[in-house]
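A.B. asks: Below you will find the structure I want to go over with you.
The values are calculated or read from the model by the stated rules, or taken from the named source; none is laboratory data. Source: prediction; values computed, not measured. We place every Cβ from the backbone using ideal geometry, glycine too, and count neighbours over all the protein chains shown. Only protein heavy atoms, including side chains, enter the accessible area calculation; ligands, DNA and RNA are left aside. Shrake-Rupley method; radii C 1.70, N 1.55, O 1.52, S 1.80 Å.
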Amino acid sequence: MEIKNNLESVRRRIAASCSACGRDPAQVGLLAVSKTFGPEAVAQAYAAGQLAFGENYIQEAVEKIQALADLPLQWHCIGPVQSNKTRLVAEHFDWVQSVDRLKIAERLSAQRPLARGLLQVCIQINIDGGPSKSGVPPQEALALAQALAALPGLRLRGIMTIPEPAESEEAALAVHRRAQALFAHLRSTGLDLDTLSMGMSGDLEPAIQAGSTLVRVGSAIFGARAPLSP
Ligand SMILES: *Cc1c(COP(=O)(O)O)cnc(C)c1O
């Protein structure tokens, strides 16, 4: 019941943000980030109408995907992808939003089973220059996007960002505006992109104001996560 209520309140936040900036709520997708929560939690969200789920830890995700194979769910990989995990990602996920190197994209392309159709891909951008973060610097995004768009088995859909928590809503908006400008620039070169994945539980309003087409929401739906064991 709590997950259902939480989902409804997240959907209300999305609708309110859209109406505040004159956007159509149908243009903003909701990805439920279910990392650390079990298959029962995902099944509850599904029962409340949620179809798309995001996972960070690939092994954990594959177990959940297999346990819930009877449900028509869409799975997005949003966590770091190491070379030795690309096969699992290519075989089990529908989307991967966290591609930040050509080598990873090439492995995903080679390993995507034909029968699974195209793997939908976003490039993760280090939009605020966080030093320890994955994601390509914005100035390298175009070259990677062009290389990636030519790979078989993949369909490049857009970009994804994970900015550091900002000190104010204005600061969050300014960072999201940079991603919006980069997304517009990539599209202006002729790349056929439709996905600007940004905004989480704490900053979905400024993300939507800056044009996000997909917010990724975990704790506001499933509750606080237990800290990871070391
Ligand atoms: C965990 C996570 C989210 C969701 O974060 P919340 O603050 O719980 O909404 C979104 N995107 C990525 C990449 C994440 O790792």
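A.B. asks: Could you work out how much longer the chain between Gln111 and Ala15 gets when fully extended? Use 0.36 nm per residue separation minus the Cα distance between them, nm to one decimal.
C.D. replies: Full extension from Gln111 to Ala15 adds 30.7 nm.
A.B. asks: For the chain, what is the accessible area per residue in Å² when the probe is 1.4 Å?
C.D. replies: Accessible area per residue, the chain: 46 Å².
A.B. asks: Go through the stretch 125-179 and name the GluC sites (Glu not before Pro) that are in a DSSP coil and have 13 or fewer other Cβ atoms within 10 Å of their Cβ. Show your work: numbers first, answer last.
C.D. replies: Details: sites: Glu140, Glu167, Glu169, Glu170; in loops: Glu167.
Filter output for the stretch 125-179: Glu167.
A.B. asks: How much of Ser17 can a 1.4 Å solvent probe reach, expressed as accessible area in Å² and rounded to 10?
C.D. replies: Roughly 10 Å² of Ser17 is accessible to a 1.4 Å probe.
A.B. asks: Within straight cross-link reach of Lys4, meaning Cα distance under 14 Å, which aspartates and glutamates are found once same-chain residues fewer than 8 apart are removed?
C.D. replies: Glu40
A.B. asks: A further question on this structure: Projected area of the stretch 2-222, taken from the Cα convex hull and averaged over every viewing direction, in nm²?
C.D. replies: Computed as one quarter of the Cα hull surface, the answer is 11.6 nm².
A.B. asks: Please give the length that would be gained between Lys133 and Ala226 if that part of the chain were fully extended, namely 0.36 nm times their separation in residues minus their C-alpha to C-alpha distance (nm, one decimal).
C.D. replies: 31.3 nm
A.B. asks: Take the solvent-accessible surface of the protein heavy atoms, probe 1.4 Å, and return the percent of it on the stretch 2-222 that carbon and sulfur atoms account for. Let's see the in-between values first.
C.D. replies: Values: 5080 of 9700 Å².
The computed percentage sits at 52.
A.B. asks: Then there is this: Hey, got the dipole for the chain? About the Cα centre, +1 on K and R Cβ, -1 on D and E Cβ, debye to the nearest 20?
C.D. replies: Details: 22 positive and 22 negative charges, 92 e Å.
Result for the chain is approximately 440 debye, rounded to the nearest 20.
A.B. asks: Follow-up. Report the calculated FRET efficiency for Asp192 and Glu63 (r = Cβ-Cβ distance, R0 = 45 Å), to the nearest 0.05.
C.D. replies: Efficiency for this residue pair is about 0.85.
A.B. asks: Largest first, what is the accessible-area ranking of Cys21, Cys122 with a 1.4 Å probe?
C.D. replies: Highest to lowest solvent-accessible surface, that is Cys21, Cys122.
A.B. asks: Can you give the accessible area of Met1, probe radius 1.4 Å, in Å² rounded to 10?
C.D. replies: Per-residue accessible area (Met1): approximately 140 Å².
A.B. asks: While we're on this one: Under the rule a/c < 1.5 gives rounded, and otherwise a/b versus b/c splits prolate from oblate, where does the stretch 128-209 land using the Cα gyration tensor?
C.D. replies: prolate
A.B. asks: Rank Thr213, Gly117, Ala32 by how far each Cα sits towards the positive end of the charge dipole of the stretch 2-222 (+1 on Lys, Arg Cβ; -1 on Asp, Glu Cβ) and give me just the farthest.
C.D. replies: The residue sitting most towards the positive pole is Gly117.
A.B. asks: If ligands, DNA and RNA are left out, what is the accessible area of Glu40 with a 1.4 Å probe, given in Å² to the nearest 10?
C.D. replies: Accessible area, nearest 10 Å²: 120 Å².
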